[in-house]
Amino acid sequence: MSDEPVRIGFVGCGRQASASWYPNFATLPELDLRACCDLQASLAERNARFFGAKRWYTNLADMLEKEDLEAAMVVGPPDMHFACGKQVLAAGLPLMMEKPPARLTAHARELADMAEARGLITQIGHNMRHAPGVRKFRALMATPAFGKLLFLESRYFMPSPMWSERADCREGWQYMIFQATHAVDLARFLAGEITRVYADLSVGQSGRFAIACTAHFDSGATGVITLAGCTPNWTCKIEATGDARAHLRLVNLHTLDFEPHSPEGGYQPSPGIPSQSYSPAVRDNAEKRGGYWGQMQAFARAVRKGEADSPTLRDACQAMGVCEAICNSIERKAAVDVEHA
């Protein structure tokens, strides 16, 4: 495996890309930002200057033709992901993109099928999988002191009411693929594939809402996915219990508590497995706490090794399928089985 950094072409120079993705190139020696591309010349030129790209473009086809790239990253709105993703894959390059990969699940599957048919590595930007707190949470779940997973809650609260945001797509779908998918993907990453859901929706003033969704996992565990668009601040929380009578809790990706069972009664830290705490980063989204740095490093290493890391485009399709099942359950007022992507 080569030690040379992976030569990257970056598509998209908007707010999300510039705040959460580009800054990480400065501290990731595994990546070499060769060129960036945006329809707006001022943004492309700005990001090339700010983040050290050697050249900039306003046409993706030109960048793919003229640059000696080894992979591409695409960050923007979902319709752009789908269109640009197809161009990148057609050029035979490994592809990493922000979630969702497309606005429609069928289009996301089209991208995943295209990549797999060409044997290309893909990765989707479910950044929280790569947050240090989540990685530690998962490692503690695998210890004898935790035991077999019995229950997991994945909570994701956002202050913006988004349930009826767009009239040209299914009610609530924009929220599901942009926000709820975080909670869904974390649940899948930690507890296994979700096989069945039962969801209930409550809607209040100005589209503010809450969703309670029970989930059954193929691991045999049960769980709850709780979502809300009626809170004053962002909150992400995961909790899990195991049959060794242990309790894990991670709040906002940075405060992790592990409470193993004590034979003497009650809960106290076990030797070698103390309570864990992660301090918030100065720039949350663009540094390690949120997982953006880790996911980009994972992609670079996957390209060099020639072996995909998770989550792939197929994982993104599965997460979107769970989101569809939640919407179906709300509409039918019944439990819904989740189809495999």
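Per-structure values
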quantity: Conditions (1) free of Cβ contacts under 8 Å to residues at least 60 places away in the same chain; (2) closer than 25 Å to PRO232 by Cβ; (3) assigned to a strand (DSSP E or B): number failed by HIS216; calculated: (2)
quantity: Odd one out for VAL88, checked against (1) surrounded by fewer than 23 Cβ atoms within 10 Å (Cβ to Cβ); (2) touching a residue at least 60 places away in the same chain (Cβ under 8 Å); calculated: (1)
quantity: Positions within segment 234-250 being under 19 Å from the mean Cα position of the chain (by Cα) and buried (at least 16 other Cβ atoms within 10 Å of the Cβ), in sequence order; calculated: CYS236, LYS237, ILE238, GLU239, LEU250
quantity: Scope segment 91-111; condition surrounded by fewer than 24 Cβ atoms within 10 Å (Cβ to Cβ), aliphatic (A, V, I, L, M) and within 22 Å of ALA183 (Cα to Cα); matching residues; calculated: LEU104, ALA106
quantity: Residue pairs meeting the criteria (Cβ under 8 Å; at least 6 apart or on separate chains; first at negative phi, in segment 58-69; second part of a loop (DSSP other than H, G, I, E, B) and at pLDDT 95 or above); calculated: THR58/ASP38; THR58/LEU39; THR58/GLN40; MET63/LEU69; LEU64/ALA91; LEU64/LEU93; LEU69/LEU93
quantity: Exclusive hit being among the basic types (Lys, Arg) and within 18 Å of the chain's Cα centre (by Cα), set ARG118, ARG138, ARG55; calculated: ARG138
quantity: Options GLN87, GLN123; residue that is in a strand (DSSP E or B) and either among the polar types (S, T, N, Q) or in contact with a helix residue (DSSP H, G or I) (Cβ under 7 Å, 6 or more places away or on another chain) (or both); calculated: GLN123
quantity: Every residue from segment 301-335 that is in contact with a strand residue (DSSP E or B) (Cβ under 6 Å, 6 or more places away or on another chain), farther than 20 Å from LEU111 by Cα and not in a loop (DSSP other than H, G, I, E, B); calculated: ALA325, ILE326, ASN328, SER329, ILE330
quantity: Residue match in segment 37-52 (condition: assigned by TED's automatic domain parsing to the domain that holds GLU70 and in a strand (DSSP E or B)); calculated: yes
quantity: Residue in segment 2-12 that is in a strand (DSSP E or B), surrounded by fewer than 21 Cβ atoms within 10 Å (Cβ to Cβ) and of a type in the set (Phe, Trp, Tyr) present; calculated: no
quantity: Residue match in segment 186-202 (condition: at pLDDT below 95, surrounded by fewer than 18 Cβ atoms within 10 Å (Cβ to Cβ) and in a loop (DSSP other than H, G, I, E, B)); calculated: no
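The values are calculated or read from the model by the stated rules, or taken from the named source; none is laboratory data. Note that this is a predicted model, so its numbers are computed, not measured. Cβ coordinates were reconstructed from backbone atoms using ideal geometry, including for glycine residues, and neighbour counts include every protein chain displayed.
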